[in-house]
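Structure first, then comments.
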Amino acid sequence: MHPAGAPPQADADPQADADPLALLARLPSLAGTPRLVEALPGGLTNQNYKVTTPDGVFVARVFADGGELLAIDREHEHRNSLIAAKAGVGAPVVEYRPAERVLVLGFVQGRTLTNADVAEPATLVRIAAACRALHGADRFVSDFDMFEVQAGYYATATAAKMRIPVGYDELMPAFWRARKALAVRDEGTVPCNNDLLAANFIDDGKRIWLIDYEYSGNNDPCFELGNIAAECCLPADGLADLVTAYYGSRRRSRIARAQLFGLVARYGWTLWGAIQHSASQLDFDFWSWAMERFEAAAAGFTAPEFDRLIADVQDED
């Protein structure tokens, strides 16, 4: 997760950040060769470096402390990244050094998408194809269920008396009502990235790559689609086009399912931002980031259309 406009540094181990060149020089995949190292912007739970060598271009992800607060498991990230790479949608995995807290990946040459790019009708078709490729991969080694993740975030935030948005608890019944409705026509889980904001799409001109598997896990495919729509601020017709491209036909129940999961995602990620607001040392406005998602979730949960979504996800097309 790396909100737009985020600073290029993360809450990483001060000693590791103090001399990244020395750290990278200890890695077998990068040692013993000339290296040009450039810090990449955007990461809030790791520091990313682009490393150019005579043998190729790589990305070294140096993990930050505190991932357990945010439900990040680095071993799962590594193993799921291998599966995504095998499926042809994730960057190649070069080296994983858990003791050094580093994952080295092949650098994907291409254009990082923006929200405006994602909303282009032709791009939505290509994103749907990339998601289908990932979702058809071997199963991931972990699961991701936003209802369970949200419960963990809530326990963390309340136990530590962290600030959460006023009115958050009042929306909990709608959140759990959504869970009950979504369970009626549950069709199982597939390998999902679960964090496909625009910056995690790389377009190389031929295909769209899906990067960053911190929150990856087997999940409902409509969570993936709804979360894309929520994080990329797609309008309702954009979400419908994405879901239609993914399934190959317009399915009212699936469109409603993705819409409902988009609200669920925003409600859950609100607490991600609240935890970061209390725990992170970064100079970033996590509170505004959290409130943006909370206000969108609140608007959806209290809208007259919410009852229609609840009904539509339980009906056959």
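What follows is calculated from the coordinates using simple rules that are stated; it is not laboratory data. This structure is a prediction, so every number in the text was calculated from the model and none was measured. With ideal geometry, Cβ positions are generated from the backbone for all residues, glycine too; neighbour counts draw on all protein chains shown.
Data table
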quantity: Gap separating the Cα centres of the range 173-207 and the range 95-169, nearest whole Å; calculated: 9
quantity: Relative contact order (percent, whole number), the chain, Cα cutoff 8 Å, 6+ residue spacing; calculated: 18
quantity: log₁₀ of I(q)/I(0) at q = 0.17 Å⁻¹ - the range 112-312, Debye sum with one point per alpha carbon; calculated: -1.19
quantity: Sparse-neighbour loop sites [GluC sites (Glu not before Pro); the range 208-317; at most 10 other C-beta within 10 Å; DSSP]; calculated: Glu316
quantity: Degrees separating the helix 74-86 axis from the principal Cα axis of the chain, which is the longest one; calculated: 90
quantity: Label-point separation in nm, Met172 to Lys86, each point 7 Å along Cα→Cβ; calculated: 4.1
quantity: On Cα atoms only, tilt of 121-135 relative to the major axis of the chain in degrees; calculated: 80
quantity: Relative contact order, percent, the range 143-272 [alpha-carbon distance under 8 Å, six or more residues apart]; calculated: 30
quantity: Ala22 versus Thr53: modelled label distance in nm, points set 7 Å from Cα along the beta carbon direction; calculated: 2.0
quantity: Between helix 172-184 and the chain: long-axis angle, C-alpha atoms, 0 to 90°, nearest 10; calculated: 90
quantity: At most 10 other Cβ within 10 Å, DSSP loop - trypsin sites (Lys or Arg not before Pro), the range 128-181; calculated: Lys161
quantity: GluC sites (Glu not before Pro) lying in DSSP loop within the range 95-196, provided at most 13 other Cβ fall within 10 Å; calculated: Glu187
quantity: Charge dipole (debye, nearest 20) of the chain; +1 at Cβ of Lys and Arg, -1 at Cβ of Asp and Glu; calculated: 520
quantity: Mean Cβ count within 10 Å, highest first, over the residues of peptides 77-86, 255-264; calculated: 255-264, 77-86
